[in-house]
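Shown next, in structure tokens, is the structure this report addresses.
No value in this document is a laboratory result; all are computed from the given coordinates. Remember, predicted model here, so these are calculated numbers, not experimental data. Heads up, the Cβs are rebuilt from the backbone with ideal geometry, glycines too, and the neighbour counts pull from every protein chain shown.
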Amino acid sequence: MSTNTQTNRVTSSAATVDPHLRRGPRGFPLLPGGYGRSTYYTGAPSPYAVRGQGCRVWDDRGRELIDANNNFTSLIHGNAHPEITEAATKALSSGASWGIPNLYEWELADLLLSRLPDLDQVRFANSGTEAVMSAIRIARGSTGRERVIVTKGGYHGTSEVALAAGGAANTRGVPRGVTDDVTRVPLNDTEFLRQAIESAPDAYAAIILDLLPNRAGLLRISEDFVTTARELATRYGIVLIIDEVISLRLGPHGLSGEYGVSPDLLTTGKTIGGGFAVGAVAGLGELMSEVDPTRPGSLPHGGTFSGNPVSMAAGAAALRIYSESEVKRLNSLGDAARESVQARVADVGWEVRGQGSLLRAVPAGTEKVDAETQHRLWWESYDRGLLGSPANLLSLSTPMDKTVADEIADRLADAVLAVAAGERN
Ligand code: PMP
């Protein structure tokens with residue numbers, strides 16, 4: 001059990017002037033809401049990070065936290081890993097980025113594609129959002145069709161098509177023409193998927209799936225649903241895109257490798273940049289040739305910082321260190337952590353979901369966890385020195401060992417029990 005009762009919680013009381021919300025010259029916080037990313041939001045202004053080392057992060061109050069947020073799962077090797085820092089620094093000292101190709105792109109392409117043996121080529125971008133946006137355009141360009149299938153609650157970044165997956169709550173500001181082209185299928189409703197496609201088989205350009213969607217409470221997509229999606233895509237000439245921005249870490253060949261399914265395009269990001277901005281679309285040569293500039297009429301793809309040497313060099317170091325044995329070691333640490341938390345929270349009506357090195361505690365049976373519960377669990381975890389994502393998605397990193405994983409499990413279970421006790425009062 002965690003004995004650490006120190007609390008650094010910041011209240012949002014109007015009487016306290018919070019340094020995070022420092023006012024600008026016109027009386028507004030310098031950043032909208034005081035945040036540089038809306039996805040940081042945890043209900044009240046959070047302390048900010050000042051330093052990270054290995055699997056620990058320190059905040060501006062001097063508080064030490066176990067970093068299981070890992071910048072939203074991207075720091076697979078934790079903070080400031082020496083080999084990654086060295087690779088990035090070496091690249092940076094030769095110039096941050098250039099306007100002609102660089103060899104680091106080839107190196108990362110080779111390392112990534114060797115993990116995706118069914119796919120032929122890759123294009124790099126600066127984020128998962130960009131990768132998904134490009135994959136959808138490649139699918140539309142190659143099929144000449146427009147409609148896209150997503151699963152309800154899936155999250156694929158903040159491009160307009162991707163936002164439509166989240167439903168009406170996420171599509172203010174997105175043109176109707178965009179949302180009209182997106183069909184949302186309930187998670188694991190194979191019959192719905194089949195009917196949607198068979199009612200208009202020539203309309204669909206792509207099916208896009210995240211096999212372990214965090215926004216849908218980290219519920220796994222069923223084998224049956226994935227197999228059916230693959231079969232229907234093949235039969236009707238639809239491009240199957242598997243979004244592995246988060247899940248690539250879960251197997252030596254990604255989570256699609258664990259399912260034994262071959263996508264036509266695979267999008268990824270996060271871990272493959274070693275902590276630097278990155279995204280990638282990997283795919284079959286025939287599809288990837290859509291962005292081959294040597295072909296007349298190819299689709300536009302650019303990005304001033306796409307394939308920049310620092311992200312590529314850091315990413316190559318990260319993939320090299322993330323060996324098959326490390327994938328397995330982290331996954332089994334995660335399995336044990338889930339089991340131990342589950343044993344302690346089941347009685348209070350909570351459960352722990354996830355796979356391998358990803359875990360998340362949620363009220364049992366829920367698909368969509370309400371924001372207030374998420375915020376309460378985040379703060380209860382934080383107060384116990386455990387840093388998760390605002391949705392309380394926890395990810396392990398390679399600097400962690402069994403002692404740290406046990407500590408994560410203890411702190412998480414304590415936090416869940418505190419939230420559940422609060423609910424009962
Ligand atoms: N796809 C998935 C499955 C994601 O989880 C995310 C981000 N968490 C994205 C796409 C978007 O990636 P990024 O934040 O790098 O734009």
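Where does the Debye-calculated log10 I(q)/I(0) of the range 82-321 sit at q = 0.10, 0.12, 0.15, 0.16 Å⁻¹, using only Cα point scatterers of equal weight, no solvent? The calculated log intensity ratios at q = 0.10, 0.12, 0.15, 0.16 Å⁻¹ are -0.45, -0.64, -0.99, -1.12.
The angle between the Cα long axis of helix 190-199 and the main principal axis of the chain comes to about 30°, on a 0 to 90 degree scale.
Mind sorting ASP264, ASP120 by how few other Cβ atoms lie within 10 Å of their own Cβ, fewest first? Intermediate results must be reported in sequence, preceding the final value.
On the way: ASP264 25, ASP120 15.
Ordered from fewest to most neighbouring Cβ atoms within 10 Å, ASP264, ASP120 come out as ASP120, ASP264.
Between the exposed loop cleavage positions of the chain, defined as trypsin sites (Lys or Arg not before Pro) in a non-H, G, I, E, B DSSP state with at most 16 neighbouring beta-carbon atoms within 10 angstrom, the longest gap is 173-367. When both bridge partners sit in the range 82-321, DSSP labels roughly 40% of those beta bridges antiparallel.
Taking a sphere under 14 Å around the Cβ of GLU191 and counting the other residues whose Cβ falls inside, with K and R at +1 and D and E at -1, yields a net charge of -3.
Suppose R0 equals 22 Å; then what is the FRET efficiency for ALA346 and ASP370 from their Cβ-Cβ distance, rounded to the nearest 0.05? Step by step, r from the Cβ atoms, then E = 0.60. The slack in the chain from ALA200 to ARG176, taken as 0.36 nm per residue of separation less the alpha-carbon distance, amounts to 6.7 nm.
Would you order MET288, MET133 from fewest to most other beta-carbon atoms within 10 Å of each residue's own beta-carbon?
Ranking MET288, MET133 by Cβ neighbours within 10 Å, fewest first, gives MET288, MET133.
Taking each pair of different alpha-carbon atoms in the chain once, compute 1/r for the pair, average those values, and report the inverse of that mean as the Kirkwood hydrodynamic radius in Å to one decimal. Mind showing how you got there, number by number?
Values: mean 1/r = 0.0446 Å⁻¹.
It is 22.4 Å.
In this calculation the C-beta distance from THR85 to ALA168 is compared with R0 = 35 Å, giving a FRET efficiency of 0.20. For HIS77, HIS301, the sequence from fewest to most other C-beta atoms within 10 Å is HIS301, HIS77. Take the Cβ-Cβ distance between THR234 and ARG51 as r, set R0 to 56 Å, and report the resulting FRET efficiency rounded to the nearest 0.05. Efficiency for this residue pair is about 0.65. For the chain, the longest principal axis of the alpha carbon atoms and the long axis of helix 128-143 meet at an angle near 20°.
For the range 307-375, which GluC sites (Glu not before Pro) are in a loop by DSSP, counting at most 15 other Cβ atoms within 10 Å? If you can, show how the numbers build up before the last one.
Working: sites: GLU324, GLU326, GLU339, GLU351, GLU367, GLU372; in loops: GLU367.
Filter output for the range 307-375: GLU367.
Helical runs assigned H by DSSP (4 residues or longer) give the chain a calculated mean residue ellipticity at 222 nm of -11500 deg cm²/dmol, each run adding -39500 (n - 2.57) before division by the residue total.
In terms of the ratio Rg/(2.2 N^0.38 Å) built on C-alpha atoms, what value belongs to the range 94-226?
Working: Rg = 16.9 Å, N = 133, 2.2 N^0.38 = 14.1 Å.
So the range 94-226 has a normalised radius of gyration of 1.20.
If a spin label sat at a point 7 angstrom from the Cα of SER114 along the line to its beta carbon, the backbone N atoms of the range 66-85 nearer than 19 Å would be those of 77, 83-84. The angle between the Cα long axis of helix 402-424 and the longest principal axis of the Cα atoms of the chain comes to about 70 degrees, rounded to the nearest 10.
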